[in-house]
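This report refers to the structure that appears directly beneath it.
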Amino acid sequence: MTDDWYARLQASGLLDTLAPYAPVLVGAYPLGMAPPGSRIEIVCRATDLPAFARTLERTYGGDGFALYPGRLSLEDAVFAEFDLDGLPLEVAAQSDHEHRKLGAATIGISRVLEMEGDVSRNRLAARVAGGEDWLEAAMHQTGLTRSALEALATANAAVARRVLGVRTPGPSVREYLLPLLVGFLSEFLIILATASGHSQDFTGLMLLVQAIVLGAVFGARMGLIAALAPLLLFGAVIGSSFLVGNESCGSDGCSYQFASYTFVALLVGSGAGVSGLLRDRYFPRA
């Protein structure tokens, strides 16, 4: 079967005919691993199975058309096998919502394969090509129950990766350039704005607000780096000035200055980390 099977299926008008029965494509074809000679599986919901069977037989009956009873999970079902415009088809219907569950399982398996990569996809494709049922093979390979696969269909990417034990790839080095640029520029502007007089009393507060914003925009990892890297760099420059004697620690002493700077750094890191974690939890990056 060529890769244009879905376009050909849409052009055949079958899905329009089945529209009152909420058709769902499931199995090896949507997963992209259908072995040669396998049938495209379409599952529907019909409260009147005999009427559904008569509709299919009137519309598509002829040479090669086969109609037989069966079961989907624990539900009575009716199955029809026939070819349409060169497409081998298996259309099933039952009175419950098994079509939705099988559709969710198909999407869940697709997400597993997308996250685990080509090795996992090839292993599952080999099982299906060897004659195993696509759902049973996926459950056996992943170690997940059918309910878990169905649940992965609606889980966000971060949750799905944790369930599968797949490590989330970190951002590339290039992706850190913009957060670092924004962090350095905003911190430089804060220092300029609070450099005189009593304005210095608000420097820590403004740095904390900046860190929260950076975490909310860029996420925990990049937000922390964007907020702390400029602070650490400026601290290193100031500390080296003290060491070479260009500046003095003042009346409070170097220990007090170091403790104050460390406290500000902890506040900044905490602000960026908390807001970044919330951002990653509810608005994860793609």
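The values are calculated or read from the model by the stated rules, or taken from the named source; none is laboratory data. Owing to the predicted nature of the structure, the values given are computational and were not obtained by experimental measurement. As a convention, Cβ positions derive from the backbone with ideal geometry for all residues, glycine included, and neighbour counts pool all protein chains shown.
Of the conditions (1) in contact (Cβ under 8 Å) with a residue 40 or more places away in the chain; (2) more than 30 Å from Asp118 (Cβ to Cβ); (3) under 34 Å from the mean Cα position of the chain (by Cα), Phe52 satisfies every one except a single condition; which number is it?
(3)
Find all pairs meeting these conditions: Cβ atoms under 7 angstrom apart; at least six residues apart or on different chains; first residue within segment 69-81 and at negative phi and at pLDDT 90 or above; second residue basic (Lys, Arg) and not in a strand (DSSP E or B).
Glu81/Arg39
Each row is one residue, and each column tells you yes or no for (1) touching a Cys at 6+ places or on another chain (Cβ under 6 Å); (2) surrounded by fewer than 21 Cβ atoms within 10 Å (Cβ to Cβ); (3) of a type in the set (D, E, K, R).
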| site | (1), (2), (3) |
| --- | --- |
| Gly61 | no, yes, no |
| Phe65 | no, yes, no |
| Arg71 | no, yes, yes |
| Asp76 | no, yes, yes |
| Asp85 | no, yes, yes |
| Leu89 | no, yes, no |
| Ala92 | no, no, no |
| Ser95 | no, yes, no |
| Glu98 | no, no, yes |
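Among the residues of segment 20-48 satisfying the criterion of being touching a Pro at 6+ places or on another chain (Cβ under 8 Å) and within 19 Å of Ser95 (Cβ to Cβ), which is surrounded by the most Cβ atoms within 10 Å (Cβ to Cβ)?
Val43
Among the residues of segment 226-240, how many are surrounded by fewer than 18 Cβ atoms within 10 Å (Cβ to Cβ) and either modelled with pLDDT of 90 or more or polar (S, T, N, Q) (or both)?
Summing the residues that are surrounded by fewer than 18 Cβ atoms within 10 Å (Cβ to Cβ) and either modelled with pLDDT of 90 or more or polar (S, T, N, Q) (or both) in segment 226-240 gives 2.
Of Glu98, Glu116, Glu57, which residue is on the phi < 0 side of the Ramachandran plot and touching a helix residue (DSSP H, G or I) at 6+ places or on another chain (Cβ under 9 Å)?
Details: Glu98 fails: touching a helix residue (DSSP H, G or I) at 6+ places or on another chain (Cβ under 9 Å); Glu57 fails: touching a helix residue (DSSP H, G or I) at 6+ places or on another chain (Cβ under 9 Å).
Being on the phi < 0 side of the Ramachandran plot and touching a helix residue (DSSP H, G or I) at 6+ places or on another chain (Cβ under 9 Å) holds for just one of Glu98, Glu116, Glu57, which is Glu116.
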